[in-house]
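Trainee: Below is one structure. I have some questions about it.
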């Protein structure tokens, strides 16, 4: 996937740790989860570079569109000034456009 989004995500993943605490925390997570994938970032970057739009669409079609279970998507943001959370209407998504 050679889009700007993928490149941006790859750039973020490849940023050097600013503090030793970040590296220690990441490595400790691998140890505590008993996964021991200390090259996780490099592996994720490798797969991000191979990812194509068609892969994402196929995953979405097979996992979401053909699935009768409910999917809940949370969007974080700020309300417009003067509006209350009670003013927000929730409605189901009926159509998906690609």
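Trainee: Looking only at residues in the stretch 52-69 that are at pLDDT below 85 and in a loop (DSSP other than H, G, I, E, B), which one is surrounded by the most Cβ atoms within 10 Å (Cβ to Cβ)?
Mentor: So the residue we want is 67.
Trainee: Of the residues in the stretch 2-21, how many are assigned to a loop (DSSP other than H, G, I, E, B) and more than 19 Å from the chain's Cα centre (by Cα)?
Mentor: 4
Trainee: Mind listing whichever residues of the stretch 22-38 are surrounded by 10 or more Cβ atoms within 10 Å (Cβ to Cβ) and in a helix (DSSP H, G or I)?
Mentor: 22, 23, 24, 25, 26, 27, 28, 29, 30, 31
Trainee: So, in the stretch 2-54, exactly how many residues are in contact (Cβ under 8 Å) with a residue 40 or more places away in the chain and on the phi > 0 side of the Ramachandran plot?
Mentor: Qualifying residue count, the stretch 2-54: 0.
The values are calculated or read from the model by the stated rules, or taken from the named source; none is laboratory data. Just so you know, these numbers come straight off a predicted model, no measurement behind them. In this analysis, Cβ positions are derived from the backbone assuming ideal geometry, glycine residues included, and neighbour counts consider all displayed protein chains.
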